[in-house]
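Visitor: Just passing along the structure, written as structure tokens.
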Amino acid sequence: SRSQSFWIVNLIAVRGNRDAVLAAASYPEVERILAPAKLLAPQPIWAADISALDDIGWNIQKIRADQVWATYGITGTGIVVANIDTGVDYSHPALVHQYRGNLGSTFNHNYNWWEPNVTILSSPHDNNSHGTHVMGIEAGSEGDTNQIGVAPGARWISAFGCCPDNETLLYASQWMLAPTQLDGSNPNPTLRPHVVQNSWGGPGGSLIFNAIIEAQRAAGIFPSFAAGNEGSSC
């Protein structure tokens, strides 16, 4: 058996057998034992390629974000948005200029990207494409030719958390309160984002993440969640 504690919530993640569960349950300090939530990585469905894109995406027009830009001059400037997802392709032409790690002629991924088992050469990447898609909705823009993000003036950071296990998701959520260097050192809460988008799926009803949401709100972070991506109930 092995265990891992977290500071964002009074919880210890334990991997073990039935005997380990029974042993943990015998301690009076243990309030409850929660089964891990079953997390499922989203499976994007590719649309047919199109030869040209509208200046402003239909999604932007649908929620009238373009009217907010024009009327109030608010595009997200000064705001840092984030997502916990399958990662982000930071070199994507609609996202690279908004990436907080983009320093102009160089990139610095410290405090701007988190993943488990990171290497010194790690940079934001996405083997699924879903996280890149979600970040595009948050802040994607290629200037006048491809405006797909609600807040194209914002900067973005990201953490890989979806969807190997609950521990990775907990770590990613904890990282958002105090981003670190790539190796997990020197946490700095002043570099936390203003908004964290969570667009991963599960069965619902889990109590594991309640305290995380409370902690993020207490830190001034707005946690946003997808209402549902599959099935008739969405």
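Visitor: Using helices alone, I'd like the mean residue ellipticity at 222 nm for the chain: each DSSP H run of four-plus residues gives -39500 (n - 2.57), total over residue count, nearest 500.
Guide: It lands at -6000 deg cm²/dmol.
Visitor: Among the trypsin sites (Lys or Arg not before Pro) in the stretch 64-156, which ones are in a DSSP loop with at most 13 other Cβ atoms within 10 Å of the Cβ? Mind listing them?
Guide: Values: sites: Arg64, Arg100, Arg155; in loops: Arg64, Arg100.
Passing both the DSSP loop test and the Cβ count: Arg64.
Visitor: Let me ask something additional. Quote the charge dipole size of the chain about the Cα centre in Debye, to the nearest 20; the model charges only the Cβ of Lys and Arg (+1) and of Asp and Glu (-1). The partial results should precede the final answer.
Guide: Numbers: 11 positive and 19 negative charges, 116 e Å.
So the magnitude is around 560 debye.
Visitor: Can you tell me the order of 175-187, 85-97 when each peptide is scored by its average per-residue count of other Cβ atoms within 10 angstrom, highest first? Let's see the in-between values first.
Guide: On the way: 175-187: 17.1, 85-97: 21.0.
For the peptides 175-187, 85-97, the packing ranking is 85-97, 175-187.
Visitor: If you don't mind, another one. How much length is gained on full extension from Asn117 to Ser3, taking 0.36 nm per residue of separation minus their Cα-Cα distance? Let's see the in-between values first.
Guide: On the way: separation 114, 0.36 × 114 = 41.04 nm, distance 1.69 nm.
Gain on stretching Asn117 to Ser3: 39.3 nm.
Visitor: Which residues' amide hydrogens lie under 5 Å from the amide hydrogen of Trp156, considering only partners 5 or more residues apart or on another chain, with H built in the peptide plane?
Guide: Sorted by chain and number, the residues that satisfy this are Val81, Tyr99, Arg100.
Visitor: Let me know the charge dipole size of the stretch 19-125 about its Cα centre in debye, to the nearest 20, where only the beta-carbon of Lys, Arg (+1) and Asp, Glu (-1) is charged.
Guide: Roughly 180 debye, rounded to the nearest 20.
Visitor: Follow-up question, since we're still on this one. Once Lys and Arg get +1 and Asp and Glu get -1 on their Cβ, which of Leu177, Asn59, Asn108 lies farthest toward the positive end of the dipole of the chain?
Guide: Leu177
Visitor: Residue by residue through the stretch 43-49, which ³J(HN,Hα) values in whole Hz follow from phi under the Karplus form 6.51 cos²θ - 1.76 cosθ + 1.60 (θ = phi - 60°), with glycine and proline marked x?
Guide: Ordered by residue, 3J(HN,Hα) equals 10, x, 10, 6, 8, 5, 5 Hz.
Visitor: Moving to a separate point now. Given charges of +1 on the Cβ of Lys and Arg and -1 on the Cβ of Asp and Glu, with all other atoms neutral, how large is the dipole of the stretch 91-191 about its Cα centre, in debye to the nearest 20? The partial results should precede the final answer.
Guide: Details: 2 positive and 8 negative charges, 48 e Å.
Magnitude of the dipole: close to 240 debye.
Visitor: On to the next question. Would you mind telling me the share, in percent, of accessible area of the chain contributed by carbon and sulfur at probe 1.4 angstrom? Working shown, then result.
Guide: Details: 7340 of 13630 Å².
With neighbouring chains kept in place, the figure for the chain is 54 percent.
Visitor: Return the long-range amide H neighbours of Gln197 (sequence gap of 5 or more, or a different chain), with a cut-off of under 5 Å between placed amide H atoms.
Guide: Ala82, Asn83, Ile84, Ser224
Visitor: Could you list which residues have their amide H under 5 Å from that of Phe107, counting only those 5 or more apart in sequence or on another chain, with H placed in the peptide plane?
Guide: Residues meeting the amide H criterion: none.
Visitor: In Å and on Cα atoms, what radius of gyration and Dmax does the chain show?
Guide: Every Cα atom of the chain included, Rg and Dmax give 19.0, 64 Å.
Visitor: A follow-up question, please. Given Ala35, Gln147, Ala20, which one lies farthest toward the positive end of the charge dipole of the chain, if we put +1 on the Cβ of every Lys and Arg and -1 on the Cβ of every Asp and Glu?
Guide: Sorting the options by dipole projection puts first Ala20.
Visitor: Next question. What is the distance, in nm, between label points placed 7 Å from the Cα along the Cα-to-Cβ direction at Gln181 and at Tyr72?
Guide: Rounded to a tenth, the inter-label distance reads 3.9 nm.
The values are calculated or read from the model by the stated rules, or taken from the named source; none is laboratory data. Worth saying up front: this structure is predicted, and the values here are computed from it rather than measured. Using ideal geometry, Cβ is built from the backbone for each residue, glycine included, and neighbour counts are taken over all protein chains shown. These area figures cover heavy atoms from the full protein model, side chains too; ligands, DNA and RNA do not enter into them. Shrake-Rupley method; radii C 1.70, N 1.55, O 1.52, S 1.80 Å.
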